[in-house]
Amino acid sequence: MNVIAATDYWANIPIGEHLWLVSPMIVLVCTMLAVVTCPILLGRRTRTITAVVAIGVTAAFVMAIRVAMQVADGGTSGLSTVSGSGMLIIDNLSAGYQLLMLAFLGCVIGLWWIGSAATERDAPEFFVLLLGSALGMVLMVSTSNLLMIVMAIEMASLPSYALVSFNKRDRAGAEGGLKYMIFGAICAAIMLYGASLLYGLAGSLNFADIAKMVALSFAGGGRDVVLVSVALLCFFAGVAFKISAVPFHFWCPDAFQAAKIEVTTWLSVVSKAAGLILLVRLVAIFCGTVGAAGLMHTVEPIAWGIAIVAAITCTLGNIAAYRQRSVKRLLAYSSIAHAGYMLMATAVFIHPDVAGSEAGISALLAYVFIYLFMNLGAFGVTAMVYWATGTDDIDAFTGLIRRAPALAIPMIICLMSLVGLPPFGGFLGKWWIWIALGRLDSTLGWFLIMVMGLNTVVSLYYYLRIVVRMTLRDDGQAVLRPSFGGMAMVNVCAIVLFPVMFIFANGFKSTADHFARRMFVPTADATVSAEPSVEGDHSAMADAWVDDAAGHNDRDVKRP
Amino acid sequence: MGTIGLTHYLVVAAILFCSGMFVMATKRNAIGILIGVELVLNSTNINFVAFDRYLGPGQLDGQIMALFVIVLAAAEAALAVAICMNFYRNLSTIDVDHGTELRG
Amino acid sequence: MSVETLKLCGILILLAPLIGAILAGALGRPVLRGNTHWIVIAGVAVAFALSVVVFGVVRGAADGAHAVQIPLYDWFTSGSGWFKVEFLIDPLTSIMLLTVTGVSLLVIIYSRDYMREHDKPVRGYERFFAFLGLFVFSMCALVLGGNFLLLYLGWEAVGLCSYLLIGFYYDRPSAAAAAKKAFLVNRVGDFGFGLGILLIYLTFGTLEYQAVFDMVQGGVLASGEPIATGRITTIALLLLCGACGKSAQLPLHVWLPDAMEGPSPVSALIHAATMVTAGVYMVARCGAIFTASPIAMTVVAVIGACTALFAATIALTQTDLKRILAYSTISQLGYMFLGLGVYAADSAVFHLFTHAFFKALLFLCAGSVMHAMGGIIDARYFGGLRKLLPWTFRFFVIGSLALAGFPFLSGFFSKDEIIHHAFEAHWLFGLVGLATAVLTAFYTARMVCLAFFGPERVPEGVHAHESGKWMLAPLGVLSIGAIFAGYLGVEMFGQGFHNFLGPVFHDTFGVHYSVVSAPGAAHAVAAAAHTGFLANYGLMILSGGLAIVAIAAAYFMYVLQPWIPGTIASAVPRLHRLFSNKYYIDEAYDAAVVRPLRMTGRVSVGLDNYFLDGLVWLATAIPRGLAFVLRGLQGGLIQGYAVSMIIGIIILALVVFFAER
């Protein structure tokens, strides 16, 4: 439980195999250092820097493959498990995310290379920030400890603020960056306050212990429910900020619109995915712990809370996307809506029915995966159009099917996926969430199904608006000549979404199921093994509160 | 008056938190808002240290957390000031209510 | 049978053309350009080679193990069950695979030169080959699929490829219209087909071939309830509806002649040799369902017989070579349906097999003529090409003789078998078959005479030239097939084809014969062999003789005494007009279906513009109004954001508070 073990100090120093497990992160850090020192040693030429970064990211990717293979069978393996302090967990989930993240990092760098490299004069700084936020995101998905969560979220966020206002001469960038930063700082502050309360209430920074405390309090046998709820709410402000759930979404459209499009892609795709994976992990731990303690029925209010936030989030995202002219902004709202859908799946697994919860996790994981591809594709096409025409206004897409069929067709597939029409990938994601919700067979499930259905209908309008512009309208704009690499990227996304995912629907789903099942195993173990200590802490803590309430606490005197 | 206990610290922290929130919500000057953030972060620190002291004797989690939060606050402040400068360079003001070009 | 080998082969047969198509599509324009054909040829060649392997494995299989169902993976789970991706490999599959990949390979090789003008690839060269690869993939998927869902997907996919390839010259209005027509007419058929499959799923709870067929043959459902014959008949007729669309049978045949707007290799491959035979394949495959319903079988036979005769009469008066061939294809497909309807599925598939050779040959020759004539294919504008295009002429004659049923060429044997069985079923069917055979011989000979005999005529400004070796080599291979393929089914040579296919139809179509004809023999031809020379060969001699007479008559009428046809036409003007206007079916459809639909369309557009759009506007008014409010919320002011967020948190906290108290 302790951050630093008191007795055997050296036993906790990672060596050998353990170092291999964090090798992708180490490589990322080394790349950052290399990028920082590179200007001194080799000069500031963009080409050189990019080459260094490309080598670094590739190396990290290779390492990540190794890690993924290493943990593939064991489910969880790592420096510490949830049953320990949960500081750094390397398991299937984090290894898988890491792989995807690095691949998408490559894509974003590719996009940057296509669109911005020629005019960029601060490549080293850009890359340091980008890699820094990447590192933060990797950490974010591999921890269940409040300290690490906070640090990781901040580590991912701070560079992002700077990335948004990276271009010093851009008014919009300056404004968007400032808003993003201020909003982020506020959310981080609130999150930290929540974290401090949770720490105080549970006596531990490990989320497994906190979950236990929460469940007990909801069962009526622990802390004051309202206090616990407010603390939880404050803490999740940070996570909600990352995934831009209502009412923590305000930054999202402004920052997305202001940022360079490759940065927008990065934020909307990878950063949100990281937030969602973190949420998955936390909720899985929560369910695992609470479920093992047999208190699942007590936490239904939390499920309802999430469900309502989810419902509002997706409704708001979809409705606000109406009448947007900037496609970037439209996609920003669309990503808010999708965060709402994914939150719905989260609501599913905080539910007495444990089988249902597994379906929820697997549906969510599948959705995150699909979301990555459909958003990357849509943003990639928008980027190509933006670079070719200088605007991301919806008018720039008019007649795209003639002007650049190799962009228009993937765009159509991605947009149809975002709507969730069969047979595209997005449909599968929604379908599985749907099934997971339906399997609950409760008011909550039906409520969410209804909201989701209505939202799908509403969203159809604004996605189709772009499709109609691209296919049925034509105002004779010039033919685009996008770069081959960019076209290849968006087409690969589209191919993954349409035939590949369609053909291997079930294989894909069973992989997600596999992941979902694995997620519960360590958690259940953790509960068992951590039981005595949690109990011990708990009673001690309870005493303290009672003592304190009685007003004659003199622990500091007794303390050695 | 009894001895000063956990509750007192928590109340101080809560007041600090509320004033921080109030500052964040009312100040127009970007630096002012950041000061509000700092207030909240400090309230957090008070909480962590107090909880650690009173509830978790023998473990240092809260203390370490507080240390990290201090570092974090510093990092955030550094970055925030840089972004504010950038804002100032482009809009010649750091009043955040001038930045309303991105909307809708 | 080595299941693993078959599985691997099946996967690779699908993947090779698909990868070829994808690479051609992705790299064609930027990298490969004029060399795109190589990659697709390579893919299809691999598929062909593996089809041969599959054939070998299936042939070497032990008795009673002729069919294997090979599951690949679970595809999708729906409410009550799994949909699997699986293969069904049996002799029928392997024959179809060989036909499809073999003819495709030759056609694609041929296309290398055909799709060039002055040795420069035409516009869309890469697209053409990518689509061809995609077609081969889809067709193989259709044939290999082990359940109705895959059959349906393959069915739709080949339809899509056909649409794309008919409209290949999309800047030509007639081609675009033809593509649209083909697509729409096929939709009509596919609608029934889809319904049939849905009904199968609802009735049997599964879409797997073997499971469904077992239930149909057992007469009871998995739940133990007996199956109503009416249900089976409905399913069979709905499936037949799809087959009529795809195989251009009455009354859905109208799209095929127009489909000739596509490039000639496409006509040869898709609209003669392979895709249009999908309907025949499907009926043969679903023999269990069809044979369980005598009504459905009668319908199949009647449709087949009518189509065969009807299309042949139209072909008599056409002058466009490709259109003659198109009607001939419809007519020959009618033969195949007739064969199926009279329980001679093996003969139908045999005819499918031989027809693929000679009809592909004829279309490719027509393409060669078209190439030489600068895109003109109407025989009114040229003639006497025999000297100008010597090789094309020879191959064309071979193909024509095979089609005409000239003795000892492939068409002769396969067609004869069907007529033979038709006579066994009902003398009327037999008579129709025989009459059609005579007509076929006549119009085929007429076509040859018009194009190659008589005085030499070429259109103005056309420099006629014989095609290059890329085009002639496939013609040569196909003409070998057109001459000799028939011998595979002849009893003197062991009847290899029928013995190979026999087990597939043994329990379905074959049952009929074991009852009707000589006991113990599954095949009527084999049975007939015991009944004496004249009964056995009489029909053969008769139809062969009739074919020769018809050919001679055509030669006489069109080459020696060219005034006769005109005189006949003016003697029976109505009949002639009826034939040459294709029985006015297009016009009838136009009046009965297209115009009313268009009127409805106009009314709908009006409704849509003024009423529905209003409704939509109203429906979207709510979100739009909300959007307006929300946009106000997102006012750009960070303070506003912060306050909204804090208010949000407070509201959430209050919700929690009240939920708990």
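Data for the structure
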item	result
Of residues in the stretch A:100-139 being at pLDDT 90 or above and of a type in the set (Val, Ile, Thr), the one nearest to A:MET374 (Cα to Cα)	A:VAL108
A:ILE153 vs. criteria touching a residue at least 60 places away in the same chain (Cβ under 8 Å), surrounded by 24 or more Cβ atoms within 10 Å (Cβ to Cβ) and not aromatic (Phe, Trp, Tyr)	yes
Some residue of the stretch A:413-426 being in contact (Cβ under 8 Å) with a residue 60 or more places away in the chain, crowded, with 21+ Cβ neighbours inside 10 Å, polar (S, T, N, Q) and assigned to a helix (DSSP H, G or I)	yes
Residue in the stretch C:416-427 that is of a type in the set (A, V, I, L, M), part of a helix (DSSP H, G or I), surrounded by fewer than 24 Cβ atoms within 10 Å (Cβ to Cβ) and free of Cβ contacts under 8 Å to residues at least 60 places away in the same chain present	no
Qualifying positions in the stretch C:33-48 - free of Cβ contacts under 8 Å to residues at least 12 places away in the same chain and either surrounded by 18 or more Cβ atoms within 10 Å (Cβ to Cβ) or closer than 13 Å to C:LEU132 by Cα (or both)	C:TRP38
Enumeration of residues in the stretch A:210-235 that are closer than 14 Å to A:VAL283 by Cβ and within 10 Å of another protein chain (Cβ to nearest Cβ)	A:LEU232
Top-ranked residue in the stretch C:18-32 [being in contact (Cβ under 8 Å) with a residue 40 or more places away in the chain, of a type in the set (A, V, I, L, M) and within 10 Å of chain A (Cβ to nearest Cβ); ranked as nearest to A:VAL492 (Cα to Cα)]	C:ILE22
Single residue of B:THR7, B:THR44 found to be at the interface with chain A (Cβ under 7 Å from one of its Cβ atoms), in a helix (DSSP H, G or I) and without any contact (Cβ under 8 Å) to a residue 12 or more places away in the chain	B:THR7
Matching residues, the stretch C:378-415, being outside any helix (DSSP H, G or I) and of a type in the set (D, E, K, R)	C:ASP378, C:ARG380, C:ARG386, C:LYS387
Residues of the stretch A:409-436 satisfying the condition of being within 14 Å of A:CYS493 (Cβ to Cβ) and among the aliphatic types (A, V, I, L, M)	A:ILE409, A:MET411, A:ILE412, A:ILE413, A:LEU415, A:MET416, A:LEU418
The one condition in (1) over 21 Å from the mean Cα position of the chain (by Cα); (2) surrounded by 23 or more Cβ atoms within 10 Å (Cβ to Cβ) that A:SER142 fails to fulfil	(1)
Per-region count, the stretch B:47-91, residues facing chain A (nearest Cβ under 7 Å) and not in a helix (DSSP H, G or I)	4
Unique match (being without any contact (Cβ under 8 Å) to a residue 60 or more places away in the chain, crowded, with 23+ Cβ neighbours inside 10 Å and more than 23 Å from B:LEU67 (Cα to Cα)) among A:LEU227, A:LEU158, A:LEU178	A:LEU178
All positions within the stretch B:27-45 that are buried (at least 18 other Cβ atoms within 10 Å of the Cβ) and more than 11 Å from the chain's Cα centre (by Cα)	B:LYS27, B:ALA30
Of the criteria (1) surrounded by fewer than 16 Cβ atoms within 10 Å (Cβ to Cβ); (2) in contact with a Gly (Cβ under 7 Å, 6 or more places away or on another chain), which one B:MET24 fails	(1)
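The values are calculated or read from the model by the stated rules, or taken from the named source; none is laboratory data. Values in this document were obtained by computation on a predicted structure and should not be read as measured data. Reconstructed Cβ throughout: ideal geometry from the backbone, glycine too, with neighbour counts over all protein chains shown.
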